[in-house]
Amino acid sequence: MYILGISAFYHDSAAALVKDGVIVAAAQEERFTRKKHDSAFPVKAIQFCLEKAGITADQLDLVGFYEKPLIKFERLLETYLSFVPAGFESFRKALPLWLGKKLFLPREIDKGLKRNNKLRYIFPEHHESHAASAFFPSPFEEAAVVTVDGVGEWATTTIGVGRGNDVKILREIHFPHSLGLLYSAFTYYTGFEVNEGEYKLMGLAPYGQPTYKDLIYQHLIDVRDDGSFWMDMSYFNYCQGLTMTSEKFHQVFGGAPRRGDERITQRHMDLAASVQKVTEDVMMKIAQHAHKETGSKNLCLAGGVALNCVANGKILREGPFENIWIQPAAGDAGGALGTALLIWHKMLNKPRTPEKGDSQFGSLLGPEFDTDYVKHYLDSVGAAYDILEDDALDARVAKYMAEGKVIGWYQGRSEYGPRALGCRSIIGDPRNQQMQTVMNLKVKYRESFRPFAPCVLREHVDQYFDMRAGEDSPYMLLVAPVKEHRRKPLTPEQQKLQGIELLKAPRSEVPAITHVDYSARVQTVDDTRHPRLRRLMSKFHEVTGCPVIVNTSFNLSWEPIVNRPEEAYRTFMSSDIDVLVLNNAVLVKDNQQANLDARRNGNNGEFTDPGLEAVWACPACGGKLKADNGKNAACEKCSAAFTCNDGIWQLFSPHEKVQGDVTDLVKSFYEEHPFPNYDDHDSLSSLISKSRKGVYARLLGDQIPYNARILEVGCGTGQLSNFLGIGCRTVVGTDLCLNSLRLAENFRRQQGLSRVRFLQMNLFRPALQKEQFDVVLCNGVLHHTSDPYGGFKSICKLVKPGGYIIIGLYNTYGRLLLDARRVLFRITGGRMKWIDPYMRKTRMSAGKQDAWFHDQYRHPHESKHTMGELIGWYEDNGFEYINGIPKPRVWDAFSNNERMFEKNPKGTLFERSLAQTKMIWTGSQEGGFYIMVGRKVGGR
């Protein structure tokens, strides 16, 4: 009998397939769609599960959905009515999804499965699915079962018991009182994204002290000895609003929530430490009461809060249970598996025989690709690689690790759940003191404070961590202290360090996996679950004497874990991973021609820039330039000489000026007011976060192909160029203003972006060869020149046939309200800045606010252009219109998942007039700016 379990429509949608009680396959939809935490109906995950079993949807016997939508909708209505009218906005935003899909789930499942006949659908309760996912795959005949998350239908916390083929809920705590939502409130308040940043908050906690713990107990939550709790909802806003915390919360904890791009201070670290300590205390009391209620020596955990491995480790070490098993996919994704197993064991009353270890097969339940597939793909992209036998591969990779190289490790089936467990992992040497920083900043592109987990050969676990000999922790869900004898004493100077500075002091002989509080999130590796990884680790142990390695998920911070070899290769080429291992194929970064062609200083340690030297030209005569030691260059045709200062090639050549030319005026303005500005604490992580929050930059980053050659004309301070340079792309940023370029180059150099370079260049006299770039960007530049159309004609010649040009201009209609504000600012001397809607709605530093204000209201020159005018430019110069932001037809919405480079209608004159009339109100919010994509005719 085949039973399919489904979770969807909140976050981390997933599918799981069970055959006669045995797990066949399980996967999250995000791994296939590449949308992190994808909540859509898991069509692709279901398709994978069916293909893995070799069946069609018509052969399914039963399908279960992980919760009861009608009861959940009842909660939504009751909550809204309790707070009316305050909750109207959140209710209005939630209602379309409910009316469109959630209330008609049988119809949505029918649509997703495409069956030829009707099927019975089963809807267990949310926490019942969690409880089933925790108990049924566990190795226990009987166990206490605890589930804790944000909220299901009504329940937020449950205590239950599992025996044989049955699981029962004994106690519940109901919404709005939720330990998960309390933790999410602090996640939001400290500037991280809810349902994404809770890991960050947990990782930040050891840098602080729980100085706010008493305030949390005093104001927010009342906890009883049995672990039950009550929360004062006047401090929260999640019931009735679109944020997590209220103004009353902000007054208690010292101010407004941190903005995502603001500096993390000691206060934020102390807030993290405080809510983490409260969470551990509450979880311990819940566990103690579960033990008292059930009398069991075993505990099973699930729900999002069960991913708090610090609390889990504390329960194991200090709690009343001898054994703990935690569902690896403890969040909503695991509900799909729990539903399928619940139907089989409890509803159909089928027997259950616990397996030694567990019956989840190491949670390696996703797709796999054989070496023939890998070879075919690598050949198609021109990759350089070796195919090695297992023993030779292990020896070579162990040697690379011992040399300090970062390894992308891709083997067998992918993991089900949020952790990479050795099949889609980035691994390295834990003895290397720089490994954590390198992996965080140069590979994952994330915050430097984030810790990394160790994999340890199971027979050595008690030699490195405070755990029992041979103790299982195969799913990286338990935190344990590093053994005292493995720790390093701190010097008096190191003992004075605080906050992020704590990272400077190595804590143990395996510093890359030892957090600042001497803890580690442990994964044990054994023969049964992880035979391939174990062989490599055994070789590494043989070479180095160390049975521990660093393990983190194989992905860039904004993407899901890689699923296919193609994604692994792109991640390898887009980051500072040194070596990629795809099954038995080994790729070394320094041997990849695409990498050598794109990066600066790329040839045998010489100061060269092949990415630039392949495309540059003399701006005076168009002749070939020849570089000398990366400092000077001369034209082979006219002998014109150029220099490189502070890493910036100065290739400016003046054009013939006509009366009214504003080049010098605009140049002088931007020398004094570089735009957009950087804050002193900006990092690559914050740049990525900010860029990806904007639809335009995110879509460019996702959709411009790897290995593309990109030119940004008028790059300003280079924020978009630096962002796009993260992929394995050759990026050239040019600008008139040296001060702006110095900011761009300084940031590039500090962050180690080797595929980006900046030039001082006159766009009317390009220092670049014609038809060399796949994409040319020019946003907010041409309207500040004396001859916008002449500038366009100059730069459009740089686009390859079949390539794209993207132009951003001020719109004639979109600037009307801004022009009115400009007059008012002139009258008032720049006062009343709050009337600018962008400045009013967008929290930014004083420096960035000043840069925005001057660029929009103090600029010495600007022109305005209609959509039809720009379309005419395209057509007159051999380009076809492709897309626009906003689109020329007012009823065509530009979506968050828009395909930027797919052809769209350009609209009629009337349709464009309507769209531009709308911009009088909507366009003025961000400067009355519009963007159009054009494609050069010819090429592929």
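The values are calculated or read from the model by the stated rules, or taken from the named source; none is laboratory data. This is a predicted model, so every value here is computed, not measured. Heads up, the Cβs are rebuilt from the backbone with ideal geometry, glycines too, and the neighbour counts pull from every protein chain shown. These accessible areas exclude ligands, DNA and RNA; they are computed on the full protein's heavy atoms, side chains included. Shrake-Rupley method; radii C 1.70, N 1.55, O 1.52, S 1.80 Å.
Pick out, in residue order, every one of the trypsin sites (Lys or Arg not before Pro) in the stretch 747-781 that is DSSP loop and has at most 14 other C-beta atoms within 10 Å; say none if there are none.
Numbers: sites: Arg748, Arg749, Arg755, Arg757, Lys770; in loops: Arg755, Lys770.
Passing sites in the stretch 747-781 are Lys770.
Based on DSSP H runs of at least 4 residues, each adding -39500 (n - 2.57), what is the mean residue ellipticity at 222 nm of the chain after dividing by all its residues, to the nearest 500 deg cm²/dmol?
Working: 32 runs with 318 residues, N = 940.
Helix-only estimate at 222 nm: -10000 deg cm²/dmol.
Can you compute the FRET efficiency between Asn739 and Lys833 using 1/(1 + (r/R0)^6), with r the Cβ-Cβ distance and R0 = 22 Å? Round to the nearest 0.05. Don't jump to the answer; show the numbers that get you there.
Details: r = 24 Å, r/R0 = 1.08.
Approximately 0.40, to the nearest 0.05.
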- prompt: Which whole-angstrom value gives the distance between the alpha carbon centres of the stretch 300-344 and the stretch 262-279?
  reply: 25
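Taking the Cβ of Gly623 as the center, what net charge do the other residues with Cβ under 12 Å away carry, scoring Lys and Arg +1 and Asp and Glu -1?
Details: positive: Lys624, Lys626, Lys637; negative: Glu636.
Overall, the nearby charge balance is +2.
Could you give the length gained on full extension between Glu471 and Ala40, defined as 0.36 nm per residue of separation minus the Cα-Cα distance, in nm?
Numbers: separation 431, 0.36 × 431 = 155.16 nm, distance 3.80 nm.
Answer, rounded to one decimal: 151.4 nm.
Express the accessible area of the stretch 2-126 per residue in Å², computed with a 1.4 Å probe while the remaining protein chains stay in the model.
Working: 5680 Å² over 125 residues.
Here the residues of the stretch 2-126 average 45 Å² of exposed surface.
Quick one: net charge around Met233, please, counting Lys, Arg +1 and Asp, Glu -1 for every other residue with C-beta under 13 Å from its C-beta. Working shown, then result.
Numbers: positive: Lys248; negative: Asp222, Asp232.
That sum, taken over residues with Cβ under 13 Å, equals -1.
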query: What size of dipole, in debye to the nearest 20, comes out for the stretch 169-222 about its Cα centre when the only charges are +1 on Lys and Arg C-beta atoms and -1 on Asp and Glu C-beta atoms?
result: 100
message: Multiplying the sequence separation of Glu196 and Leu99 by 0.36 nm and subtracting their Cα-Cα distance, what value in nm do you get?
response: 32.3 nm
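Place the peptides 213-226, 552-565, 808-821 in order of packing, highest mean first, counting for every residue the other Cβ atoms within 10 Å and averaging per peptide.
Details: 213-226: 15.4, 552-565: 21.9, 808-821: 20.0.
The most tightly packed comes first, giving 552-565, 808-821, 213-226.
Once the Cβ-Cβ distance between Thr437 and Asn746 is put in as r, and R0 is 22 Å, what FRET efficiency do you end up with, to the nearest 0.05?
Values: r = 20 Å, r/R0 = 0.89.
So the FRET efficiency works out to roughly 0.65.
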message: Which residues among the stretch 771-814 fall inside the zone where the amide N is under 19 Å from a point 7 Å beyond the Cα of Arg822, along Cα→Cβ?
response: 779-789, 808-814
message: At a 10 angstrom cut-off on C-beta neighbours, averaged per residue, how do the peptides 444-456, 57-69, 869-881 rank from highest to lowest?
response: 444-456, 57-69, 869-881
Pair-distance profile P(r), taking every C-alpha pair of the stretch 417-495, with 10 angstrom steps and integer %: 14, 41, 36, 8, 0
statement: Expressed in nanometres to one decimal, the distance between label points 7 Å along Cα→Cβ at Asp226 and Gln659 is 9.2
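Could you order the peptides 470-477, 201-208 from most to least packed, using the average number of other C-beta atoms within 10 Å per residue?
Ranking, from highest mean packing down: 201-208, 470-477.
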message: Please compute the modelled spin-label separation between Arg92 and Asn591, points set 7 Å along Cα→Cβ, answer in nm with one decimal.
response: 6.0
message: Take Trp891 and Asp576, extend 7 Å from each Cα along the Cα→Cβ direction, and tell me the distance between the two endpoints in nm.
response: 5.3
query: Among the GluC sites (Glu not before Pro) within the stretch 238-346, which fall in a DSSP loop and have no more than 14 other Cβ atoms within 10 Å of their own Cβ?
result: Glu322
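How big is the antiparallel share of DSSP beta bridges in the stretch 365-593, given as a percent to the nearest 5? Intermediate values should be presented prior to the final figure.
Working: 24 of 31 bridges.
Once the DSSP bridges in the stretch 365-593 are tallied, antiparallel ones form about 75 percent.
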field: Overall dimensions of the stretch 130-364 as given by Cα atoms, namely Rg and Dmax in Å
entry: 18.0, 56
message: What do you get for the angle between helix 816-828 and the principal long axis of the chain? Use alpha-carbon atoms, 0 to 90 degrees, nearest ten.
response: 80
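Considering only the stretch 2-126, what is the antiparallel percent among its DSSP beta bridges, to the nearest 5?
Values: 12 of 18 bridges.
Within the stretch 2-126, antiparallel bridges account for around 65 percent of the total.
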- request: Report, for the chain, the % of DSSP beta bridges that are antiparallel, rounded to 5.
  value: 65
field: Residues of type lysines that Lys624 reaches as a straight line, Cα spacing below 29 Å, ignoring anything fewer than 8 places off in the same chain
entry: Lys637, Lys657, Lys667, Lys770, Lys793, Lys797, Lys800, Lys936
- line: As straight-line cross-link partners of Lys111, the qualifying lysines (C-alpha separation under 28 Å, not fewer than 8 residues apart within one chain) are Lys19, Lys35, Lys36, Lys44, Lys52, Lys68, Lys72, Lys93, Lys101, Lys102, Lys346
- prompt: Taking the Cβ of Leu782 as the center, what net charge do the other residues with Cβ under 14 Å away carry, scoring Lys and Arg +1 and Asp and Glu -1?
  reply: -3
statement: Answer check: the stretch 48-128, Cα atoms, Kirkwood Rh, Rg/Rh ratio of 1.11
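Sorted from largest to smallest, which semi-axis lengths in Å does the alpha carbon gyration tensor of the chain give for its equivalent ellipsoid, taking the root of 5 times each eigenvalue? Mind dumping the intermediate values first?
Working: eigenvalues 473, 217, 161 Å².
Whole-Å semi-axes of the equivalent ellipsoid: 49, 33, 28.
Assuming 0.36 nm per residue, please report the length gained on full extension of the stretch Val22 to His376 beyond their Cα-Cα distance.
Gain in length upon complete extension: 124.1 nm.
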- prompt: When only DSSP loop residues count, what GluC sites (Glu not before Pro) in the stretch 548-629 have their Cβ near at most 16 other Cβ atoms within 10 Å?
  reply: Glu606
query: Per 5 Å bin, what percent of the C-alpha pairs of the stretch 211-343 does each bin hold, from zero upward?
result: 2, 9, 14, 17, 18, 17, 12, 7, 3, 1
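At R0 = 51 Å, how high is the FRET efficiency between Glu493 and Asn629 if r is their beta carbon distance? Nearest 0.05 is fine.
0.80
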- prompt: If you find the alpha carbon centre of the stretch 398-436 and of the stretch 665-691, how far apart are they in angstrom?
  reply: 35
message: In Å and on Cα atoms, what radius of gyration and Dmax does the stretch 365-593 show?
response: 17.2, 57
- prompt: Working from the pairwise distances between different alpha carbons, so that the mean of 1/r is found and then inverted, what is the stretch 577-644's Kirkwood radius in Å?
  reply: 13.8
